[in-house]
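The values are calculated or read from the model by the stated rules, or taken from the named source; none is laboratory data. The structure presented is a predicted model; accordingly, all values stated were derived computationally and were not measured. Glycine gets a Cβ as well: all are built from the backbone with ideal geometry, and neighbour counts include every protein chain shown.
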Amino acid sequence: MKFIKLGLIPIVVASSALLSGQTPSAADEASHLSWSTTYQNPLSLYDPKTGPAVSCPDPAIFKQNRDWFDVWYLYCTGDPLNSNDKDQSGNLKNHLITSYVSVDLIHWIYIGDVFKTLPAWIGNVNTNLWAPAIKYFNHKYYLYYVAPTTQAGGSAIGVATSSDPAGPWVDSGGAVIPPEPNPYNNSFLRAVIDPDVVEDDFGQLYISYGSFNGGISIRKLSADGLTSDPSSEQQIAIDNMYEGASFWKHDGYHYLFLSTSTCCDGPLSGYSVFVGRAHSPTGPFIDNNGVPLLTFAPGGFISIAANGNKWVGPGGNVVFTDDSGKDYMLYHAVDSESPYFAGYPGFTRRPAMMDPIDWIDEWPEVRGGYWASATEQPGPAAQPSQANLYKPAIKPDDEPGEEIKDLSDEFNSKTLSKQWHFIHPSANNTYVLTGSEYEVQTMGPDENGYPQGVSILGEPTPAGDYLVETKVTTSVPFDNSCCYNFAQAALFIYGNDQNSIKLDVFPDYDTRQTEFGKQIGPVPPYFPTYDHITVGPQGATTWLRIVKRAGDDGLELYSAYTSNDGIHWTRGGTWRHSLGSGAQIGIAAQNLPGFTMDFDYVRVYRLKD
């Protein structure tokens with residue numbers, strides 16, 4: 001094994017000695033090792049042929065113990081390594097699960113793909129491979145992966161085995177889970193993706209999989225790890241909400257980590273990680289507020305979401321423990337300031353990220369709720385001799401301070417207060433004041449399609465930082481009936497018809513959800529103009545809060561909170577935006593026509609010190 005020493009940073013060169021398991025003497029090698037004590041996201045991945053590797057979606061990790069040191073292996077969905085990574089035709093390469101090696105968990109060297117050619121059972125298709133999950137049992141290594149398309153039609157999950165985490169890998173020759181129909185509507189092409197393998201307390205292995213189209217399912221895995229039992233399949237999380245399932249055992253519970261919203265929408269990627277826990281891998285999985293993940297108004301403890309720095313869309317995660325016993329989340333995210341492969345606008349790159357987990361009241365908060373780090377951090381303990389110098393700090397929730405009476409309204413009058421006006425005078429601005437609520441109907445348009453047609457009741461925003469809160473009740477049936485897609489009751493911070501922040505409740509097929517949206521424009525070609533982050537569960541009545549703070553870079557930071565009782569709040573992600581001092585607070589009903597939205601009040605506050 002060789003090390004190239006750059007200052008205090010050893011970069012592993014994947015020599016035959018390292019990969020074959022040969023161990024150099026401690027005396028010979030100790031003088032060459034000096035471990036990094038700090039890191040800064042993203043992790044440093046390097047290909048000796050093409051340079052820095054800039055994308056590692058859906059990362060998986062494994063630690064191999066050697067006689068006197070540890071070697072760590074990283075596996076990623078098969079994105080190109082970088083914009084120089086091209087085939088003979090000049091196209092960006094599809095990879096068949098990229099793999100890397102490290103001794104410090106920070107600097108990684110590319111050692112090749114898991115497969116040299118596509119496994120024959122997938123068929124003659126042009127595809128990369130996705131979402132690896134590596135496990136060790138039966139005295140060998142198993143690497144589960146997704147074939148996103150197969151000649152048989154639909155996606156499927158395969159597996160390869162090896163005697164070493166560096167390979168060579170031998171495919172099983174068939175699907176562990178073949179393509180299958182959606183269990184909810186029997187439509188074809190269910191998303192058979194994102195595998196993980198977990199063992200229950202009695203030694204039974206299970207494999208989980210699934211996504212928005214079909215939900216998250218789990219099946220019994222055969223003892224040899226190569227096939228699964230379709231008759232044992234059961235649902236553990238609702239459709240149209242989650243994907244990217246992974247398990248972690250902690251203090252007797254199985255914690256199920258799930259990603260929500262959009263993975264790959266450039267600077268508006270809305271991924272975040274929700275968590276439920278159960279005593280068994282088969283569930284039922286419940287969040288910290290007692291809300292199930294398998295229900296039409298699903299919950300989830302938010303472990304990480306966008307926090308207002310440059311990183312957006314954190315998700316696709318796994319959990320691992322460093323050599324000091326500290327748990328970490330390994331995940332991908334998107335640099336909102338450089339979201340795409342250079343020269344390929346619209347092709348989102350998702351570099352590998354790492355941050356510590358703090359177990360707060362038995363729930364996993366990444367960096368104590370501060371979430372993705374963008375500055376230098378204490379490094380993990382990648383070797384038995386290392387200590388971990390991370391010091392936890394718990395982020396407090398924003399709370400309302402003094403109410404700004406001139407901008408607050410309980411809607412207890414039969415006439416509209418003079419503080420209000422309609423942002424779009426040409427819209428159908430009909431409404432009813434019931435004496436206790438502002439009541440308005442959905443008309444069809446929304447701010448992304450035809451903003452001038454949306455009736456938004458608006459008022460000025462206060463100077464400085466503030467919190468705005470409303471309470472909404474929707475006439476959309478609060479059950480799993482379908483389909484009333486996207487009929488919304490929305491709370492806005494409205495800059496103009498191209499730039500806004502929105503927190504709303506809405507139906508998505510058989511689910512009821514909340515979303516925290518960002519609209520931005522004009523944008524360069526191939527850049528998105530709208531996407532969202534999922535927040536807390538919707539209730540029959542839902543309380544919504546948006547908090548505005550000034551950012552350090554001249555932009556504004558907007559954070560979302562939702563509640564089902566007005567007392568206990570779920571903090572969601574934070575968007576950066578530039579809406580300016582002329583932005584307006586607004587409330588609206590929009591999208592699918594024919595539904596009534598009741599706003600009980602609008603209250604505006606200074607932030608509590």
Task: Residue check, Pro528 touching a residue at least 24 places away in the same chain (Cβ under 8 Å) and in a loop (DSSP other than H, G, I, E, B) - done: yes
Open item on the list: Quick check on segment 317-333: of everything there that is in a loop (DSSP other than H, G, I, E, B) and in contact with a strand residue (DSSP E or B) (Cβ under 8 Å, 6 or more places away or on another chain), which residue is nearest to Asn289 (Cα to Cα)?
Closed with: Lys326
Task: Pick from segment 373-423, criterion modelled with pLDDT of 95 or more, of a type in the set (Ser, Thr, Tyr) and out of contact with any helix residue (DSSP H, G or I) (no Cβ under 8 Å at 6 or more places or on another chain), ranking: nearest to Glu437 (Cα to Cα) - done: Ser413
Task: Flag for Pro339 being more than 14 Å from the chain's Cα centre (by Cα) and surrounded by 21 or more Cβ atoms within 10 Å (Cβ to Cβ) - done: yes
Task: Residues (of a type in the set (Gly, Ala, Ser) and at negative phi) located in segment 293-314 - done: Ala297, Gly299, Ser303, Ala305, Ala306
- [ ] Run down Ala540, Ala550 and say which single residue is under 27 Å from Ala297 (Cα atoms), among the aliphatic types (A, V, I, L, M) and surrounded by fewer than 24 Cβ atoms within 10 Å (Cβ to Cβ).
- [x] Ala540
- [ ] Kindly indicate whether Gly290 is surrounded by fewer than 22 Cβ atoms within 10 Å (Cβ to Cβ), free of Cβ contacts under 8 Å to residues at least 40 places away in the same chain and at positive phi.
- [x] yes
Open item on the list: Looking for something in a loop (DSSP other than H, G, I, E, B), in contact with a strand residue (DSSP E or B) (Cβ under 9 Å, 6 or more places away or on another chain) and either in contact (Cβ under 8 Å) with a residue 24 or more places away in the chain or in the same structural domain as Asn240 (by TED's automatic domain parsing) (or both) - is there at least one such residue anywhere in segment 498-516?
Closed with: yes
Task: Test: residue in segment 553-560 that is surrounded by fewer than 21 Cβ atoms within 10 Å (Cβ to Cβ), assigned to a strand (DSSP E or B), at pLDDT 95 or above and out of contact with any Leu (no Cβ under 9 Å at 6 or more places or on another chain) - done: yes
Task: Among (1) polar (S, T, N, Q); (2) closer than 29 Å to Tyr530 by Cβ; (3) part of a loop (DSSP other than H, G, I, E, B), the one test that Gln452 misses - done: (3)
TODO: Would you mind stating whether Pro451 is in the same structural domain as Gln488 (by TED's automatic domain parsing), crowded, with 17+ Cβ neighbours inside 10 Å and at pLDDT 95 or above?
DONE: yes
Open item on the list: Can you find, within segment 173-213, the residue that is modelled with the lowest pLDDT among those that are of a type in the set (A, V, I, L, M), within 21 Å of Asn240 (Cα to Cα) and outside any strand (DSSP E or B)?
Closed with: Leu189
Task: Filter result for Leu544 (more than 22 Å from Leu407 (Cα to Cα), in contact (Cβ under 8 Å) with a residue 24 or more places away in the chain and either of a type outside the set (Phe, Trp, Tyr) or in a strand (DSSP E or B) (or both)) - done: no
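Please go through segment 483-494 and pick out each residue that is out of contact with any Gly (no Cβ under 6 Å at 6 or more places or on another chain) and farther than 8 Å from Pro507 by Cβ. Walk me through it before giving the result.
Residues of segment 483-494 that are out of contact with any Gly (no Cβ under 6 Å at 6 or more places or on another chain), as a first pass: 483-491, 493.
Scanning segment 483-494 gives Gln488, Ala489, Ala490, Leu491, Ile493.
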TODO: Output yes when any residue across segment 334-341 is out of contact with any Ser or Thr (no Cβ under 8 Å at 6 or more places or on another chain) and assigned to a strand (DSSP E or B), and no when none is.
DONE: yes
Task: Residues located in segment 307-326, provided they are in contact (Cβ under 8 Å) with a residue 60 or more places away in the chain, of a type outside the set (Lys, Arg) and within 15 Å of Glu365 (Cβ to Cβ) - done: Asn307, Asn317, Val319
Open item on the list: Consider segment 35-74. How many of its residues are modelled with pLDDT of 95 or more and either among the aromatic types (Phe, Trp, Tyr) or within 22 Å of the chain's Cα centre (by Cα) (or both)?
Closed with: 21
Open item on the list: If a residue counts only when it is within 21 Å of the chain's Cα centre (by Cα) and either closer than 20 Å to Asp322 by Cα or outside the structural domain of Cys56 (by TED's automatic domain parsing) (or both), which strands (runs of 3 or more DSSP E) contained entirely in segment 347-410 have at least 2 such residues?
Closed with: 352-360, 363-366
Open item on the list: Can you pull out every residue in segment 282-302 that is of a type in the set (A, V, I, L, M) and part of a loop (DSSP other than H, G, I, E, B)?
Closed with: Val291, Leu293, Leu294, Ala297
TODO: Would you point out which residue out of Ser228, Ser303, Ser232 is surrounded by 19 or more Cβ atoms within 10 Å (Cβ to Cβ), over 13 Å from the mean Cα position of the chain (by Cα) and assigned by TED's automatic domain parsing to the domain that holds Met353?
DONE: Ser228
Open item on the list: Looking only at segment 127-169, count every residue that is at positive phi and either in contact with a Ser or Thr (Cβ under 7 Å, 6 or more places away or on another chain) or surrounded by fewer than 17 Cβ atoms within 10 Å (Cβ to Cβ) (or both) and tell me the total.
Closed with: 4
Task: Filtered residues of segment 142-165 (kept if of a type in the set (Ser, Thr, Tyr) and over 27 Å from the mean Cα position of the chain (by Cα)) - done: Thr161, Ser162, Ser163
